[in-house]
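S.K.: Sharing a structure, written as structure tokens. Questions coming.
What follows draws every value from the coordinates through simple rules; no lab data is involved. This structure is a prediction, so every number in the text was calculated from the model and none was measured. No Cβ is skipped: glycine too gets one built from the backbone with ideal geometry, and neighbour counts run over all protein chains shown.
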Amino acid sequence: MSALPPDLWSSLAVETPRLVLRPLVPADAPALRAITDDPAVAPFVSFLAQPFGLDDARALIARNGEGATERFLGIVRDDALVGVIGAHAHAPVDDRPAVEIGYWLAAGARGAGYAREAARGLVARLRALAPEAIVVAEVTLENAASRRLLGDIGFVPAGTPGKRPGRKMMLLL
């Protein structure tokens, strides 16, 4: 088994036809708080505080620090933060390194295909930087939209529970 490339986390920024995916920065904290302090978001992202305040936003952004094995990217459309997509090191799957992705969008950005476009863009970047890695996602049974999105871009159910309670793992082999 090979490990994930050491520069993976600092190299994930990507542009798609409509979006820029770039690391969250301190100036994003107010917009991040507004997007994330939403009862339609927090229940599906296990590590988010409810309510999600400005200090929580700053702490999430700080997790992008040097040496971290994760990265939170802002999904930016026309210079406005419309969501977040993240990637972090996951336990190996079938003796292969693995990266887990997850995402959430502002209420006004849902339904425009931004999450699908961002996920495709991030997966393509991960494939280019770490072609040996398996990309995984964990999704709750209640989150039909996310399960559908992941299926549309090629993820398949792993048939196993996720690491977090109430979640199922999906794999992009």
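S.K.: Note down the magnitude of the dipole of the range 9-172 about its Cα centre, charges +1 on Lys and Arg C-beta and -1 on Asp and Glu C-beta and zero elsewhere, to the nearest 20 debye.
M.R.: Rounded to the nearest 20 debye, it is 300 debye.
S.K.: Among all stretches of the chain without exposed trypsin sites (Lys or Arg not before Pro) (DSSP loop, at most 16 other Cβ atoms within 10 Å), which one is longest?
M.R.: Looking at the chain, 111-162 is the longest stretch - no exposed trypsin sites (Lys or Arg not before Pro) with at most 16 other Cβ atoms within 10 Å.
S.K.: Please name which of Ala124, Val156, Val93 has its Cα lying farthest along the dipole of the chain towards the positive end, using unit charges on Cβ (Lys, Arg +1; Asp, Glu -1) and the Cα centre as origin.
M.R.: It is Val156, whose Cα lies furthest towards the positive end.
S.K.: What list of ³J(HN,Hα) values in whole Hz, one per residue of the range 155-167 in order, does the Karplus curve 6.51 cos²θ - 1.76 cosθ + 1.60 (θ = phi - 60°) give from phi, with Gly and Pro shown as x?
M.R.: 6, 10, x, 7, x, 10, x, x, 6, 9, x, x, 10
S.K.: What percent antiparallel are the DSSP beta bridges of the chain, to the nearest 5?
M.R.: Of the beta bridges lying entirely in the chain, close to 90 percent run antiparallel.
S.K.: Subtracting the Cα-Cα distance from 0.36 nm times the residue separation, let me have the gained length for Asp7 to Arg116 in nm, one decimal.
M.R.: 36.7 nm
S.K.: Sticking with this structure for a sec: Report the residues of the range 12-44 in range of a label on Leu54: point 7 Å along Cα→C-beta, backbone N strictly under 16 Å from it.
M.R.: Answer for this model: 26-37.
S.K.: Okay, next question. Starting from the Cα of Asp152, move 7 Å in the Cα-to-Cβ direction to define the label point; list residues of the range 83-115 whose amide nitrogen is under 11 Å from there.
M.R.: 111-115
S.K.: Tell me, what is the FRET efficiency for Ala68 and Glu132 to the nearest 0.05, using R0 = 30 angstrom and their Cβ-Cβ distance as r?
M.R.: 0.90
S.K.: Defining a contact as two alpha carbons under 8 Å apart and six or more residues distant in sequence, what relative contact order in percent does the range 9-172 show?
M.R.: With pairs under 8 Å counted, the relative contact order is 20 percent.
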